[in-house]
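One structure below.
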Amino acid sequence: MKTILLAGGAGYIGSHTAVELLNAGYDVIIADNYSNSSPEAVRRVEEITGKTVKTYEVDIKDTEKLEKIFQENNIDAVIHFAGLKSVGESIEKPVLYYRNNIDTTLSLLECMEKFNVNNIIFSSSATVYGEENPVPYTEDMKRGTCTNPYGWTKVMMEQILEDTAKANKNLSVVLLRYFNPIGAHESGKIGEDPKGIPNNLMPYVSQVAVGKREKLTVFGRDYDTKDGTCTRDYIHVVDLAKGHVKAVEYIFEHKGTEIFNLGTGTPYSVTEIVETFEKVNSLKVNHVYGGRRQGDLPECFANADKALKVLGWKTEKTLDDMCRDSWRWQKNNPDGYNK
Ligand code: NAD
Ligand code: UDP
């Protein structure tokens with residue numbers, strides 16, 4: 001049985017990936033400083049799967065403490081989720097973002113080299129395609145120009161990982177470029193639990209629906225898109241988590257760096273999200289149309305062919321599933337994990 005270390009594994013995507021890895025028979029270790037998550041998420045992962053997860057409360061930047069985890073366990077592969085992810089906050093606090101996101105990556109690579117662990121899967125983002133590339137994005141496109149420090153940390157970390165794999169021929173790197181993960185586990189026990197006012201669309205919609213926020217402001221309706229609002233490639237977080245299981249299977253058979261888009265390939269507009277959420281959950285989401293949000297691209301969606309061809313992975317869930325599952329999680333846990 002192989003052991004996978006999930007750095008930042010208590011978070012939204014990490015917790016869902018932990019469930020899928022445990023269900024597929026892997027041992028899972030979670031290392032997290034809970035800066036944007038809660039130990040309760042891990043407890044619920046155990047509840048869903050009936051399996052135990054070894055956890056370490058640790059700042060991944062702290063190489064000495066991280067080494068202890070590598071010393072105590074036989075780790076076969078690392079999945080690196082540990083990062084700060086708010087675009088707006090990264091513009092206000094760039095140093096915090098560069099320090100946290102780059103240093104976690106360097107610490108992991110140092111420990112991996114020391115303990116001869118040669119497989120790492122990295123949580124990258126569609127944001128690395130930047131402003132220049134046309135949609136749909138394919139993995140062979142050059143990384144583009146980002147509009148914020150968060151995006152640049154992803155570009156830089158991809159470069160660091162690629163360079164390290166060039167220098168160390170034993171190393172296998174998989175860069176997973178996520179599109180827009182939404183939804184929650186269908187049990188309603190784990191989901192996205194943003195601290196403070198949500199930046200992202202779906203948690204905001206859910207919090208308006210549950211009465212925690214008064215109304216959603218739709219950012220811009222004058223874009224050159226199907227209905228004037230921005231389009232994104234929304235992907236169910238459980239589909240995304242299953243993509244990680246496929247990437248883990250793949251990484252042991254492979255050396256060097258490989259990149260995969262994890263998206264559905266189908267763009268939906270903000271208005272379509274609001275309307276679908278209202279329809280499948282039989283409720284109303286109070287919303288108004290406002291001005292554009294600075295830095296937003298009109299459209300962003302994947303060409304997801306490579307993940308199908310090479311990993312044998314494709315999404316299975318629909319937009320209805322995403323909206324239904326997001327709402328189930330929100331309704332059952334109006335205050336997230338702090339209930
Ligand atoms: P999240 O904030 O829920 O999870 C990240 C986890 O990392 C949290 O549990 C946090 O406590 C932990 N963490 C952060 N810095 C740490 C540190 N120094 N030491 C230890 N733990 C640390 O975010 P998520 O949505 O699950 O995203 C996971 C990864 O995927 C991130 O790297 C994010 O940038 C990337 N990503 C997310 C999205 C998205 O829309 N959610 C899209 C593209 C890429
Ligand atoms: N959005 C919105 N109101 C909000 C939050 C987001 O209209 O309160 C829009 C945003 O302009 C974008 C889409 O929803 O077009 C997805 O935004 P999100 O921040 O979730 O993802 P990203 O823009 O980073 O892809």
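The table below lists the values:
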{"item": "Tally, over the stretch 175-201, of residues that are buried (at least 23 other Cβ atoms within 10 Å of the Cβ) and more than 14 Å from the chain's Cα centre (by Cα)", "result": "1"}
{"item": "Which numbered condition Tyr12 misses (of (1) surrounded by fewer than 19 Cβ atoms within 10 Å (Cβ to Cβ); (2) modelled with pLDDT of 95 or more; (3) of a type outside the set (Lys, Arg); (4) closer than 25 Å to Tyr204 by Cα)", "result": "(1)"}
{"item": "The stretch 129-163, residues that are away from ligand 1 (no atom under 16 Å from the Cβ) and charged (D, E, K, R)", "result": "Glu131, Glu132, Asp140, Lys142, Glu162, Asp163"}
{"item": "Residue that is over 19 Å from the mean Cα position of the chain (by Cα), more than 16 Å from ligand 1 (Cβ to nearest atom) and not in a helix (DSSP H, G or I), where the choices are Val280, Val285", "result": "Val285"}
{"item": "Condition broken by Leu201, with the remaining ones in (1) within 15 Å of ligand 1 (Cβ to nearest atom); (2) farther than 16 Å from Met322 by Cβ satisfied", "result": "(2)"}
{"item": "Residues that are in contact (Cβ under 8 Å) with a residue 24 or more places away in the chain and assigned to a helix (DSSP H, G or I), drawn from the stretch 31-52", "result": "Pro39, Glu40, Ala41, Val42, Arg44, Val45, Glu47, Ile48, Thr49"}
{"item": "Check on Thr17, of a type in the set (Val, Ile, Thr) and more than 25 Å from Leu201 (Cβ to Cβ)", "result": "no"}
{"item": "Whichever residue in the stretch 53-71 is among the polar types (S, T, N, Q) and in a helix (DSSP H, G or I) and, among such residues, is farthest from ligand 1 (Cβ to nearest atom)", "result": "Gln71"}
{"item": "Unique match (being in contact with a helix residue (DSSP H, G or I) (Cβ under 8 Å, 6 or more places away or on another chain), farther than 23 Å from Val28 by Cβ and in a helix (DSSP H, G or I)) among Glu162, Glu89", "result": "Glu89"}
{"item": "Ser206 being in contact with a helix residue (DSSP H, G or I) (Cβ under 9 Å, 6 or more places away or on another chain), among the hydroxyl-bearing types (Ser, Thr, Tyr), more than 26 Å from Leu297 (Cα to Cα) and touching a residue at least 40 places away in the same chain (Cβ under 8 Å)", "result": "no"}
{"item": "Evaluation of Glu64 against (1) out of contact with any Pro (no Cβ under 9 Å at 6 or more places or on another chain); (2) of a type outside the set (Val, Ile, Thr); (3) touching a residue at least 24 places away in the same chain (Cβ under 8 Å); (4) over 16 Å from Ile13 (Cα atoms) (one fails), failing number", "result": "(3)"}
{"item": "Residue count for the stretch 261-292, restricted to those that are more than 26 Å from Ala241 (Cβ to Cβ) and not aliphatic (A, V, I, L, M)", "result": "11"}
{"item": "Pairs, first under 11 Å from His244 (Cβ atoms) in the stretch 1-29, second within 16 Å of ligand 2 (Cβ to nearest atom), C-beta under 7 Å, six or more apart", "result": "Ile13/Ser123; Ile13/Pro181; Ile13/Val237; Ile13/Leu240; His16/Val237"}
{"item": "Pairs with Cβ under 6 Å, 6+ apart, first in the stretch 278-290 and within 15 Å of Thr229 (Cβ to Cβ), second part of a helix (DSSP H, G or I) and of a type in the set (S, T, N, Q)", "result": "none"}
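The values are calculated or read from the model by the stated rules, or taken from the named source; none is laboratory data. Note that this is a predicted model, so its numbers are computed, not measured. Cβ atoms come from the backbone with ideal geometry, glycine included; neighbour counts cover every protein chain shown.
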